[in-house]
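Some notes on the structure that comes next.
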Amino acid sequence: MSSVIEPRVIKKPWGREEIWGDIKGVCIGKTIHIDLGHRLSRQYHEKKEEVICVVRGVLRVEVGQDKEGRPEKVYTGGPGFTYHVTPGTIHRFCSNDGDVALVEISTYYPNDVVRLEDDYNRSE
């Protein structure tokens, strides 16, 4: 049955998430707002698969991790830049040149995050 979904806003130390699609067992849709100079955890997902698309600002995507903990690849893109994150891919989203807003659609594994590095000392 179709229904109206009330968006939820979750404050984060780097900005906020607005969850506008939460289809249990299917997918999650959200808008991620990253404040200038902040970045999400360097992380990976065991099962979750996601696609992001920048709608405002310039996003820096760090992918992989070498022996010194540096990213193996870096991509930068403005509005329209789209990136597909597959399970097991180490990644980090960063805002270096102004606030960033991106939309994310992912498979339904809401708690599937393995943090490797976090600026805010979060472990979960």
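Coordinate-derived values only; no laboratory data. Nothing here was measured: the structure is a model prediction, and the numbers come from that model. Don't worry about glycine lacking a Cβ; one is built from the backbone with ideal geometry, like all the others, and counts go over all protein chains shown.
Summary of values
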quantity: Cα-derived Rg over Rh, computed across segment 7-47 with Rh taken as Kirkwood radius; calculated: 1.02
quantity: Rounded to the nearest 20 debye, dipole of the chain from Cβ charges on Lys, Arg, Asp, Glu; calculated: 40
quantity: Selected from GLU72, GLU104, GLU62 as most flexible by GNM, with the chain as the system and alpha-carbon contacts under 10 Å; calculated: GLU72
quantity: Within-9-Å neighbourhood charge of ILE32 [Cβ basis; K, R +1; D, E -1]; calculated: 0
quantity: Whichever lysines have a C-alpha closer than 26 Å to that of LYS73, once near sequence neighbours (fewer than 8 apart) are set aside; calculated: LYS12, LYS30, LYS47, LYS48
quantity: Surrounding net charge for PRO13, when Lys and Arg each add one and Asp and Glu each subtract one, Cβ distance under 11 Å; calculated: +2
quantity: Trypsin sites (Lys or Arg not before Pro) restricted to segment 40-124 and DSSP loop, no more than 10 other C-beta within 10 Å; calculated: LYS47, LYS67
quantity: Square roots of 5 times each gyration tensor eigenvalue, C-alpha, segment 8-117, largest first, Å; calculated: 20, 18, 12
quantity: Gain upon complete extension [MET1, VAL51; 0.36 nm per residue less C-alpha separation]; calculated: 15.4 nm
quantity: Additional length obtainable on full extension of the chain from LYS67 to THR89, 0.36 nm per residue less Cα span; calculated: 6.4 nm
